[in-house]
1. Please sort through the DSSP H helices of the chain and keep those with an alpha-carbon extent of at least 18 Å along the long axis and a Kyte-Doolittle average not below -1.0.
2. Would you list, by chain and number, the lysines whose Cα falls below 22 Å from the Cα of K7, excluding same-chain residues fewer than 8 positions away?
3. Roughly to the nearest percent, how much of the accessible area of the chain is carbon and sulfur, given a 1.4 Å probe?
4. [x] 144; [y] 123; [z] 187: which one is volume of the Cα convex hull per residue in Å³ as calculated from this entry?
5. Quick one: among S192, S132, S155, which has the greatest mean-square fluctuation in a GNM of the chain with alpha-carbon springs under 10 angstrom?
6. Give the list, by residue number, of cysteines in the chain with no other Cys Cβ closer than 4.7 Å, or say none.
7. For Y180, what accessible area in Å² do you get when you roll a 1.4 Å probe over the heavy atoms of the protein chains, rounding to the nearest 10?
8. Can you show me the helix-derived [θ] at 222 nm for the chain, built from DSSP H runs with n ≥ 4 at -39,500 (n - 2.57) apiece and divided by the number of residues, rounded to the nearest 500.
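The values are calculated or read from the model by the stated rules, or taken from the named source; none is laboratory data. Note that the structure is predicted; figures quoted are calculated from it, not measured. Every residue, glycine among them, receives a Cβ derived from its backbone with ideal geometry; neighbour counts consider all protein chains shown. Remember, those area values only see protein heavy atoms, side chains included, never the ligands or the DNA or RNA. Shrake-Rupley method; radii C 1.70, N 1.55, O 1.52, S 1.80 Å.
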Amino acid sequence: MLKYKVKRKILVKIYFAFIRPVIEYSDVVWDSWIEKDSKLLDVKVEASRIITGLQCNSSWTKLYDELGWDLLQTRRKVHTLILFYKIINSYSPNYLYDLIKPTSQSNHTYNLRNNDLKFKIPHIRTISYMKSFLPSTVKQWNILPEYIRNATGISSFKRLLNSFFCKKGNELFHFEKRKYNIIHCQLRNSASNLMTDLYNQCLSDKPMCEHCIDIVEDAHHYFFTCPKYTNFRDVLCQTLQN
């Protein structure tokens, strides 16, 4: 299958270009209802398993940490805050701004834009309205650090917001051929074919090395001490020295 041949970096680009935009389309509108439907999360988890090469029993938190991906919930929060910034800074129609009430009044109509004033949370009568765009986003906006709310320009705001909320993956994890990239990933996440990992996943009766007596076969033993691989280890060390 292609997932075992295409490089990890290419698979990530495919996901970002073709899959994630579909999952997040108009997410600021339906964000409040996502708790009732986990299908979008299932799609992302399956994509992360294909990219990393980890087994189907790997937890989604482990998968996201490996890739440096943010929760869909976090990304929706970022998207709603960006839209809110556009509303209060004249990047959207004025009638949207008129729906928002600042915490203090002014004699001028729109001189509250581009300052550090917080906004009043609308009166809430129902749980569904509390989860809707305006009340939930105003609440999130008011607790943002001041330096983010005072960002000068949409590009600067996006950069500060992403650095505050979002993770960043390790670029080193993208290197090496696909086969070895998957093996390295499995070793990092204790999901390899070593006896210890198989034992922890209930796929083996014991964690002991098959070539040693009463010694646990973990990554350290496999790479540094197992006598079966002494010659390979010596060749590797000599190559590195040269």
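1. Once both thresholds are applied, what remains is 39-52, 72-88.
2. Within reach: K44, K62, K167, K168, K177, K179.
3. 58
4. It is the value labelled [z].
5. S155
6. So far as the 4.7 Å Cβ criterion goes, C56, C166, C185, C202, C226, C237 stand without a partner in the chain.
7. About 100 Å², rounded to the nearest 10.
8. -13000 deg cm²/dmol
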